[in-house]
1. Take the residues in segment 89-121 that are touching a residue at least 40 places away in the same chain (Cβ under 8 Å) and hydroxyl-bearing (Ser, Thr, Tyr); name whichever of them is nearest to THR41 (Cα to Cα).
2. Among the numbered criteria (1) within 20 Å of TYR70 (Cβ to Cβ); (2) acidic (Asp, Glu); (3) not in a helix (DSSP H, G or I), which single criterion is violated by GLU166?
3. Looking at (1) over 19 Å from the mean Cα position of the chain (by Cα); (2) modelled with pLDDT of 90 or more; (3) under 13 Å from LYS188 (Cα atoms); (4) not in a loop (DSSP other than H, G, I, E, B), find the lone condition where GLU24 falls short.
4. Of the residues that sit in segment 169-187 and are out of contact with any strand residue (DSSP E or B) (no Cβ under 7 Å at 6 or more places or on another chain) and β-branched (Val, Ile, Thr), which one is farthest from GLY84 (Cα to Cα)?
5. Looking at this structure, is ALA193 among the small types (Gly, Ala, Ser), surrounded by 18 or more Cβ atoms within 10 Å (Cβ to Cβ) and touching a Lys or Arg at 6+ places or on another chain (Cβ under 9 Å)?
6. Strands (runs of 3 or more DSSP E) wholly in segment 56-153 with at least 2 residues that are among the small types (Gly, Ala, Ser) - which ones?
7. As an exercise: evaluate SER159 against (1) exposed (fewer than 14 other Cβ atoms within 10 Å of the Cβ); (2) under 18 Å from ALA93 (Cα atoms) and give the number of the one condition it does not meet.
Amino acid sequence: MLRFRRLLNEQKLGEALFARVGKELQARGIKVNTGTIVDATIIGAPSSTKNADKARDPEMHQTRKGQQWYFGMKLHIGVDSQTGLSHSAVVTAANVHDKHPLPDLLHGNEQRVYGDSAYASQKALIASKAPRAKDFTNQRTRRAGEVDEVQRAKNRNKSRVRARVEHVFAVVKRLWGFTKVRYRGLQKNATRAFTALALANIYLCRGHLQGQLRP
């Protein structure tokens, strides 16, 4: 079993499985379209030093979200804005800003890119991978102490589309139980993350797949 796990990680078979499931779904008519939603979620890791190494995992880091501190890793994903299925993912330590993996979450043929305010003002990063894409990320609504109500209304409209990314995280975290890392090191947990995303895609389009099986 240990040898099998090592093979999974060294050969990045979790990523290969995720890519293969994507190709199989496309072959069954579930296409990747021209809109991508980007987002990230924190996966917690044990911060205690009461272990054999007497140290925290050196590949995990802490970050602040709101008024709370978290220790662990981040799962960044790119989700098709029409089907709600993930087509790309990157795993980093929790202290990596959401914007940095942004180009790796785009497939390049986007015409629209959606995201929360963590991706605001990243037109250059978007254009570096998807030159034809328009920036539909949520923008800041408060300037010099004043609230821009027009921008706030635009953000609400964008968020109706952006909410689809939360369905993926809900499946990965609530159904598959991936709220905390199981292993030490990013690569082992990345294997688990890509596998969970592959299964989430199958689960989220189960109705379409079952319809194809009916006589």
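1. THR92
2. It fails just one condition, (3).
3. Failing condition for GLU24: (3).
4. Among residues in segment 169-187 that are out of contact with any strand residue (DSSP E or B) (no Cβ under 7 Å at 6 or more places or on another chain) and β-branched (Val, Ile, Thr), the one farthest from GLY84 (Cα to Cα) is VAL172.
5. On the way: among the small types (Gly, Ala, Ser): yes; surrounded by 18 or more Cβ atoms within 10 Å (Cβ to Cβ): yes; touching a Lys or Arg at 6+ places or on another chain (Cβ under 9 Å): no.
So ALA193 fails the test.
6. 68-80, 86-93
7. Unmet for SER159, out of (1) exposed (fewer than 14 other Cβ atoms within 10 Å of the Cβ); (2) under 18 Å from ALA93 (Cα atoms): (2).
Conditions tested, residue by residue: (1) surrounded by 12 or more Cβ atoms within 10 Å (Cβ to Cβ); (2) aliphatic (A, V, I, L, M).
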residue: GLN122; (1), (2): yes, no
residue: ALA127; (1), (2): yes, yes
residue: PRO131; (1), (2): no, no
residue: ASP135; (1), (2): yes, no
residue: VAL147; (1), (2): no, yes
residue: ARG152; (1), (2): yes, no
residue: ASN155; (1), (2): yes, no
residue: ALA163; (1), (2): yes, yes
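The values are calculated or read from the model by the stated rules, or taken from the named source; none is laboratory data. Predicted, not measured: the structure shown is a model, and the values here were computed from it. Note that each Cβ is placed from the backbone with ideal geometry, even for glycine, and that neighbours are counted across all protein chains shown.
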